[in-house]
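Asker: One structure coming up, written as structure tokens, with questions to follow.
The values are calculated or read from the model by the stated rules, or taken from the named source; none is laboratory data. Model, not experiment: these values are computed from the prediction. Please note: Cβ atoms are built from the backbone with ideal geometry, for glycine as well, and neighbour counts cover all protein chains shown.
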Amino acid sequence: KDLFNGTQNPNGECVTTVMGEIPSKNKMVSTVIIFPIETSKIKAFQQFTIRTKTINLKTGFFDDPVKQYYIFPQTLDNKGFIQGHSHVTVQKILNRFAPLDPQKFDFFKGLNDPADGKGELTALVEKGLPAGNYRLCTMVSSFAHQPTLMPVAQRGAQDDCVRFTV
């Protein structure tokens with residue numbers, strides 16, 4: 001494999017970046033999707049706002065994904081919280097019992113700004129979505145886009161997913 005150079009390579013590469021700083025157990029990341037919720041029924045092509053809330057993540061830390069993807073190790077702020085950002089991705093569910101194709105999505109947005117005063121991050125789905133069943137998931141990342149690294153394996157997930165209907 002080619003050595004990683006900071007660009008996103010769809011063919012795969014060998015990344016030699018050190019993992020970096022790992023938070024303590026009491027500062028592990030956890031996320032919840034506030035809207036839409038499991039029972040949400042949104043009108044087709046109606047604009048809506050995705051709302052998420054994450055604890056123990058210092059948001060607003062985002063590098064250039066075109067030139068600096070995965071090239072920096074995970075960092076903590078002076079209080080021990082991971083410095084990073086989040087993403088949301090929406091995929092149409094065609095078969096409830098088959099894994100979704102990770103290359104296909106109907107909406108994707110990086111949540112790169114600091115969280116608001118309530119600790120929330122939002123993404124406007126401006127044109128809405130066509131009718132169907134969907135899965136919405138968060139993807140919490142450290143500064144250089146790698147998934148957040150936690151200190152222990154036995155824990156709750158740092159991301160959330162919900163299914164909703166349009």
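Asker: Which members of region 79-94 meet the condition of being touching a residue at least 12 places away in the same chain (Cβ under 8 Å), within 19 Å of residue 131 (Cβ to Cβ) and more than 18 Å from the chain's Cα centre (by Cα)?
Answerer: The answer is 93, and nothing else.
To keep it simple, each residue is scored yes or no on (1) modelled with pLDDT under 95; (2) surrounded by 11 or more Cβ atoms within 10 Å (Cβ to Cβ); (3) closer than 18 Å to residue 142 by Cβ.
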| site | (1), (2), (3) |
| --- | --- |
| 85 | no, yes, yes |
| 92 | no, yes, no |
| 101 | no, no, no |
| 111 | no, yes, yes |
| 127 | no, no, no |
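Asker: Could you grab the pairs with beta carbons closer than 6 Å, sequence gap of 6+ or different chains, first residue in region 130-141 and at pLDDT 95 or above, second one buried (at least 18 other Cβ atoms within 10 Å of the Cβ) and among the small types (Gly, Ala, Ser)?
Answerer: From region 130-141, the pairs are 138/86; 140/86; 141/84.
Asker: Looking at region 141-162 only, could you name the residues that are crowded, with 16+ Cβ neighbours inside 10 Å and either of a type outside the set (Asp, Glu) or farther than 15 Å from residue 54 by Cβ (or both)?
Answerer: 141, 142, 143, 144, 145, 146, 148, 149, 150, 158, 162
Asker: So, in region 113-125, of the ones that are over 14 Å from the mean Cα position of the chain (by Cα) and more than 21 Å from residue 74 (Cβ to Cβ), which residue ends up surrounded by the fewest Cβ atoms within 10 Å (Cβ to Cβ)?
Answerer: Among those that are over 14 Å from the mean Cα position of the chain (by Cα) and more than 21 Å from residue 74 (Cβ to Cβ), it is 117.
Asker: Where the second residue is of a type in the set (Lys, Arg) and crowded, with 17+ Cβ neighbours inside 10 Å and the first is within 16 Å of residue 25 (Cα to Cα) and lies in region 54-78, which pairs have Cβ atoms under 6 Å and are six or more apart or on separate chains?
Answerer: That search, which allows pairs on different chains as well, returns 56/27; 77/58.
Asker: Additional query: Within region 1-26, take every residue that is in contact with a strand residue (DSSP E or B) (Cβ under 8 Å, 6 or more places away or on another chain) and outside any loop (DSSP other than H, G, I, E, B) and give me the one that is surrounded by the most Cβ atoms within 10 Å (Cβ to Cβ).
Answerer: So, considering only residues that are in contact with a strand residue (DSSP E or B) (Cβ under 8 Å, 6 or more places away or on another chain) and outside any loop (DSSP other than H, G, I, E, B), the one surrounded by the most Cβ atoms within 10 Å (Cβ to Cβ) is 20.
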